[in-house]
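Below is one structure; the comments refer to it alone.
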Amino acid sequence: MGQTLNKVPLAEKLPDSRTAHLQPIIDFLKAQGNDSATNDEFSYNRDGYGEYLFHQPLDVAALRERFIFPDSVQVSANAVFDNRNFVAIGQVPAPSQPLTFNL
């Protein structure tokens, strides 16, 4: 007989922070052995979009089992997107081939 885990509800936002409400997701993924690729912080592009990236793929099935997500937070096959706060949690993209103009 297994123990049933209670799902953890996530807030849409916490006061004075765009990302603090997502910390339980980050902590959960790190506890599974996934390590940060962004120095354990969100990095922001010039448009203000923030990303917290991991080296390994996200276990989205485990995230869906563990958390109750607000409507503003969407879970895809490989990332978590917070549309309200313009931040995401994902995996570092694979390196692409450099552009070449030699024919």
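Summary of values
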read-out	value
log10 of Debye I(q)/I(0), alpha-carbon scatterers only, for the chain at 0.25 Å⁻¹	-1.55
Structure-based [θ]222 nm, the chain - -39500 (n - 2.57) summed over DSSP H runs of at least 4, per residue, nearest 500	-4000 deg cm²/dmol
Point-to-point label distance, residue 99-residue 65, nm (Cα→Cβ direction, 7 Å offset)	4.4
For the chain, share of DSSP beta bridges that run antiparallel, in % to the nearest 5	60
Contact order relative to length of the chain, as percent, for alpha carbon pairs under 8 angstrom and 6 or more apart	28
Gap separating the Cα centres of the range 62-103 and the range 4-55, nearest whole Å	12
Farthest positive-ward along the chain dipole, Cα basis, beta-carbon charges - from 86, 50, 38	86
Area of residue 27 that stays accessible when all protein chains are in place (1.4 Å probe, Å², to 10)	80
Sequence of 21, 55 when ordered by accessible area, the most exposed leading, probe 1.4 angstrom	55, 21
Residue-level accessible surface for residue 68, protein heavy atoms, 1.4 Å, Å²	80
Residue 19 accessible area, 1.4 Å probe, all protein chains in place, Å² to nearest 10	30
Directionally averaged projected area (convex hull, Cα atoms, the range 1-58), nm²	5.6
Of all accessible heavy-atom area on the chain, the percent that carbon and sulfur account for (1.4 Å)	52
Cα centre as origin, Lys/Arg/Asp/Glu Cβ charges: the chain dipole, Debye	160
Residues of the chain: accessible area per residue with a 1.4 Å probe, Å²	70
Nearest-0.05 FRET efficiency for residue 55 and residue 83, computed from C-beta distance (R0 22 Å)	0.30
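The values are calculated or read from the model by the stated rules, or taken from the named source; none is laboratory data. The shown structure was predicted, so the numbers you read here are calculated from the model rather than taken from an experiment. Neighbour counts are summed over all protein chains in view; Cβ atoms, including those assigned to glycine, are modelled from backbone coordinates with ideal geometry. Surface areas here come from the heavy atoms of the whole protein model, side chains and all, with no ligands, DNA or RNA. Shrake-Rupley method; radii C 1.70, N 1.55, O 1.52, S 1.80 Å.
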